[in-house]
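The values are calculated or read from the model by the stated rules, or taken from the named source; none is laboratory data. Everything quoted here is computed from the prediction, not taken from an experiment. Ideal geometry is used to build each Cβ from the backbone, glycine not excepted, and the neighbour counts take in all protein chains shown.
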Amino acid sequence: MTMGTIGGLGAAYPLISVIIPVYNDTKRLILCLERLKRQTLSKLTEVIIVDNGSTEDLEPARQRFPDAVWLTEAMPGSYAARNRGIAVAQGQILAFTDSDCLPEPQWLEHGIAPLMTDKPPSFVGGRIDLLTTSNARLSAAELFDLAVGFPQQRFVEQVHFAMTANMLTRAETMTRVGPFAISMKSGGDREWGTRAWKIIGPGLYVDDAGIGHPTRSTRPEVLKRIRRVAGGEYDRKPGWGAALAFCARHLPPPRRAFLDIAAISPETAPLMTKLRAMVFAYGTRFSLMRYRLALQFGGESTRS
C-alpha cells in the first residue's frame with residue numbers, strides 16, 4: 001500500500017487511481033484534467049486515461065499532461081475502457097469520472113474518506129451538479145436534462161448504484177465484486193452496483209464529493225442518451241417479456257420528471273418553458289419504448 005501525507009492535513013492517504021474513459025472529447029478532457037491537477041490530493045493521484053477508439057486527435061491532451069497514464073481500448077464501450085484502466089491501476093482506491101466532468105478541488109479528499117474507515121461502504125457516489133451550457137433561455141431539452149439528468153443520491157440510496165461520472169471504491173472491493181460488464185454499453189454502473197450491494201453491502205452518498213457535469217442542451221443530445229438507456233436495458237434483460245414490461249412501465253406520464261421540472265425556480269425557467277419541458281419529457285418515454293422494441297426485433301446496443 002502506498003501512503004502519504006499532504007501539507008498540513010495531518011492524515012495519511014492511500015494512492016488513488018482516477019480512471020477516465022474518453023471517446024472524441026479532447027477539449028473537455030483537457031478541462032477535466034486541469035481540475036484534477038487542482039485536487040487537494042493531487043500528489044497522491046495517478047490519472048489513467050483510456051482512449052476508446054477516438055477518431056479525433058488526442059495528442060494535444062497527451063502533450064499537456066505527460067505524467068498521466070495513456071491507454072487504448074479497442075472494444076467499444078466505456079465499461080470496457082474502465083476495465084482496461086482498472087487492470088493497470090496501482091492505487092488502493094479507484095475513482096471514476098468522465099471526460100466531460102469538472103471535479104471540485106476536494107472531490108477525492110471527501111470521496112475517499114468513508115472508504116478509509118474500518119467498515120467502508122462498497123462504494124461512494126458523490127454529488128453531480130448539472131451545469132447549463134449558456135446564460136441564454138434554456139431549451140425544453142436542456143431544462144428536462146437539468147431536472148432529471150443525474151439523481152445520484154436517489155440512485156445510491158434507493159437503487160444501490162452510483163453513476164460512474166462520480167464513483168469511488170476500494171481496489172480490493174473491485175477484485176471481490178469483479179469488473180464492469182463489458183457486454184453493456186449503458187447501465188453497467190447499475191449492474192456493478194447491484195453486485196457490490198449483494199456481495200459486500202450498500203454504498204454511501206457523499207454530498208461533499210462533488211463534480212460538475214454539463215447538461216445536454218439539444219434534442220439530439222438527449223435522444224442519444226435515451227438510446228443508450230434503452231440499449232442498456234436490452235443488454236440486461238433481452239427477452240420479450242422484459243421488453244413488454246419495460247414499455248408498460250414507461251407508458252404513463254413521468255410524474256417524477258414533471259414534479260422535478262415544476263420545482264425549478266421561475267428565475268431559471270418561466271412557466272411556458274417548463275410546460276414545453278414536460279411535453280418533451282413525456283415524448284422521451286415513447287422514444288425509449290421505440291428504441292427498446294427496435295432492439296427486440298433485431299439490432300445491437302450502441303454507445304451513441
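Inspect segment 126-149 for any residue being assigned by TED's automatic domain parsing to the domain that holds Ala81, over 27 Å from Glu267 (Cβ atoms) and not hydroxyl-bearing (Ser, Thr, Tyr) and give the result as yes or no.
No; the residues of segment 126-149 include none that is assigned by TED's automatic domain parsing to the domain that holds Ala81, over 27 Å from Glu267 (Cβ atoms) and not hydroxyl-bearing (Ser, Thr, Tyr).
Taking segment 30-82 only, how many residues are among the hydrophobic types (A, V, I, L, M, F, W, C) and either free of Cβ contacts under 8 Å to residues at least 24 places away in the same chain or not assigned by TED's automatic domain parsing to the domain that holds Glu104 (or both)?
4
Of all strands (runs of 3 or more DSSP E) completely enclosed by segment 1-98, which ones contain at least 1 residues that are at pLDDT 95 or above and out of contact with any Pro (no Cβ under 8 Å at 6 or more places or on another chain)?
In segment 1-98, the matching strands (runs of 3 or more DSSP E) lie at 16-22, 45-51, 69-72, 93-96.
Each row is one residue, and each column tells you yes or no for (1) surrounded by 22 or more Cβ atoms within 10 Å (Cβ to Cβ); (2) of a type in the set (Gly, Ala, Ser); (3) in contact with a Gly (Cβ under 9 Å, 6 or more places away or on another chain).
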{"position": "Tyr79", "(1), (2), (3)": "yes, no, yes"}
{"position": "Phe96", "(1), (2), (3)": "yes, no, yes"}
{"position": "Pro103", "(1), (2), (3)": "yes, no, yes"}
{"position": "Leu108", "(1), (2), (3)": "yes, no, no"}
{"position": "Ile112", "(1), (2), (3)": "yes, no, no"}
{"position": "Val124", "(1), (2), (3)": "yes, no, yes"}
{"position": "Gly149", "(1), (2), (3)": "no, yes, no"}
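Do you know which of the residues in segment 150-186 that are without any contact (Cβ under 8 Å) to a residue 12 or more places away in the chain and polar (S, T, N, Q) is farthest from Ile93 (Cα to Cα)?
That would be Gln158.
Of the residues Thr273, Thr268, only one is loosely packed, with under 15 Cβ neighbours inside 10 Å and more than 17 Å from Leu295 (Cβ to Cβ); which?
Going through Thr273, Thr268 in turn, just one is loosely packed, with under 15 Cβ neighbours inside 10 Å and more than 17 Å from Leu295 (Cβ to Cβ): Thr268.
Kindly provide the set of residues from segment 218-275 that are without any contact (Cβ under 8 Å) to a residue 60 or more places away in the chain, closer than 19 Å to Ala140 by Cβ, small (Gly, Ala, Ser) and not in a helix (DSSP H, G or I), ordered by number.
Ser265
Which residue, of Met163, Met184, Met174, is surrounded by fewer than 24 Cβ atoms within 10 Å (Cβ to Cβ) and closer than 15 Å to Val229 by Cβ?
Within the list Met163, Met184, Met174, the selection yields Met163.
Restricting the search to segment 99-111, which residues are over 19 Å from Trp192 (Cα atoms) and not in a loop (DSSP other than H, G, I, E, B)?
Leu102, Pro103, Trp107, Leu108, Glu109, His110, listed by residue number.
What number goes with the only condition from (1) touching a residue at least 60 places away in the same chain (Cβ under 8 Å); (2) closer than 23 Å to Met116 by Cα; (3) surrounded by 15 or more Cβ atoms within 10 Å (Cβ to Cβ) that Ile199 does not pass?
Exception for Ile199: condition (3).
Can you name every residue in segment 74-91 that is over 16 Å from the mean Cα position of the chain (by Cα) and under 18 Å from Glu300 (Cβ atoms)?
Ala74, Met75, Pro76
Can you tell me which residues in segment 168-189 are of a type in the set (Gly, Ala, Ser) and outside any loop (DSSP other than H, G, I, E, B)?
Those that are of a type in the set (Gly, Ala, Ser) and outside any loop (DSSP other than H, G, I, E, B): Ala171, Gly188.
Sort out which residues of segment 238-263 are exposed (fewer than 14 other Cβ atoms within 10 Å of the Cβ) and either touching a Ser or Thr at 6+ places or on another chain (Cβ under 9 Å) or of a type in the set (Lys, Arg) (or both), and write them in order of number.
Hits for segment 238-263 are Arg249, Arg255, Arg256.
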